[in-house]
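First up is the structure itself, then whatever we jot down about it.
The numbers here are math on the coordinates, done by the rules we state, and not lab data. Being a predicted model, the structure only gives us computed values, none of them experimental. Cβ: placed from backbone, ideal geometry, glycine included. Neighbour counts: every protein chain shown.
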Amino acid sequence: MMPLLQVKGLSKTFYVRQGFMGSQKAELHALRDVSFEVTEGESFGIVGESGCGKSTAGRAILRLVEPSAGEVRYQGEDIAKADRRRLRELRREIQIVFQDPYASLNPRITIGRALAEPMLLHGVATRADVKEKVAQALMEVGLPAQAMQKYPHEFSGGQRQRIGIARALALAPRLIVADEPVSALDVSIQAQVLLLMEDLQRRRGLSFVFISHDLGVVRHFCRRVAVMYLGRVVEQGPVDALFDEPLHPYTKALRQASPVPDPKTKITVAKIEGDVASALSPPSGCHFHPRCPQAMPECRTRYPEWRDMGGGRGVACHLHSVEKIVPRKAEHVG
Ligand code: SF4
Ligand code: MG
């Protein structure tokens, strides 16, 4: 079966001005050679600290950011070739939910209008049935129909995120890109919103690209995950395998930094040693080497090749490079 979404060798370079009055032009490699696939009905996680490129990857899926190289295929179709009309259709089928729904809700219009307008624009509702469909969308996320008459400020953070999800769902998408959808919420509310998303996914057969800095949250929601560091995927595989037996030292650090969310306790997220380097001047060799407890001399000079480890797993780290796997001596028999 063809994957719903295929991202192949995706790269994005931004050009930024630096130095005295912006006299120097510098390249910022937000994404480098990022590849992953999402199958129908699957939740795929992208995890990493802020600045790792995960949001840029999410936006590139909807072409809210134009990639510099590589491909995004939706049901086999290269979205770079979509004309304006097709792109509008694609932006109905692929919806994005942001961390802060308040920022994407106009404070001066009611929730009812905020939901109705995109439905009318995309032709998923008519003037005659739009009210009923808005009520349905609200009910599906556990909000009463009367929420329609209210304004964004009248809701709590968790309720606003439900509204953000309702607005995405109202357009009957097949894929939702959720960029840190629960990060701004209290731990107890996080669990509720995650449960809601899980439920919707099951009922509607939706696929998700779930972007988060928290491996623990990703573990609850996703089956497979890509770990990103400074614009690159450094490890990828089934989320339980990555969690139980991480191969990349950065994945290990992330795991230690992300406690499994407990709805009853508020856990402070531990910080990984050292600061993330700037994507503007990433460290030579393996970008993680200044923070890596297992760094070797070659890590400073050479970026590790991507290695397929079998079982859907892959990693880019010299600890797992082919040369490191010394063939075992044949056992003496008899
Ligand atoms: Fe650490 Fe070297 Fe692996 Fe990078 S390549 S994660 S520095 S061991
Ligand atoms: Mg982000």
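Dividing the helix sum by the residues of the chain, where each DSSP H run of 4 or more adds -39500 (n - 2.57), gives a mean residue ellipticity at 222 nm of -8500 deg cm²/dmol. The label-point distance for Ser278 and Asp240, in a model that sets each label 7 Å from Cα toward Cβ, rounds to 4.4 nm. The alpha carbons of the chain stretch over 79, 57, 41 Å along the principal axes, in descending order. Beta bridges per DSSP, both residues in the chain: antiparallel share near 60 percent.
In this simple spin-label model, placing a label point 7 Å from the Cα along the Cα-to-Cβ direction at both Arg108 and Arg127 gives a separation of 2.4 nm.
Might you report the magnitude of the Cβ-based charge dipole of the stretch 1-160 about its Cα centre, with Lys and Arg at +1 and Asp and Glu at -1, to the nearest 20 debye?
Values: 23 positive and 19 negative charges, 132 e Å.
Dipole size: approximately 640 debye.
For the chain, the longest principal axis of the Cα atoms and the long axis of helix 187-204 meet at an angle of about 80 degrees.
Just the number, please: Stokes-Einstein D of the stretch 98-182 in µm²/s, Kirkwood Rh from C-alpha pairs, 20 °C, 1.002 mPa s. Could the numbers behind the result be given before it?
Values: Rh = 12.7 Å.
After rounding, the answer is 169 µm²/s.
By how many nm would the segment from Gln256 to Leu319 grow when fully extended, if each residue of separation counts as 0.36 nm and the alpha-carbon distance is taken off?
On the way: separation 63, 0.36 × 63 = 22.68 nm, distance 1.94 nm.
Extending this stretch completely gives an extra 20.7 nm.
Once a ≥ b ≥ c are taken as the square roots of the eigenvalues of the Cα gyration tensor of the stretch 152-220, is the result rounded (a/c under 1.5), prolate (a/b larger than b/c) or oblate (a/b not larger than b/c)?
Numbers: a/c = 1.72, a/b = 1.08, b/c = 1.60.
Note, shape of the stretch 152-220 comes out oblate.
The C-alpha atoms of the chain define a longest principal axis, and helix 84-93 lies at about 90 degrees to it.
The long axis of helix 157-169 is offset from the longest Cα principal axis of the chain by roughly 80 degrees.
Tell me, what is the FRET efficiency for Thr39 and Ser183 to the nearest 0.05, using R0 = 30 angstrom and their Cβ-Cβ distance as r? The partial results should precede the final answer.
Working: r = 25 Å, r/R0 = 0.85.
It comes out at approximately 0.75.
Of the peptides 115-125, 31-41, 301-311, 70-80, the ranking by mean beta-carbon count within 10 Å, highest at the top, reads 31-41, 115-125, 70-80, 301-311.
Output the relative contact order of the chain, whole-number percent, from Cα pairs under 8 angstrom with separation of 6+ residues. The partial results should precede the final answer.
Numbers: 609 pairs, mean separation 64.5, N = 334.
After rounding, I find 19 percent.
Translational diffusion of the stretch 44-150 was estimated from the Stokes-Einstein equation, with Rh taken as the Kirkwood radius over Cα pairs; at 20 °C and 1.002 mPa s the coefficient is 133 µm²/s.
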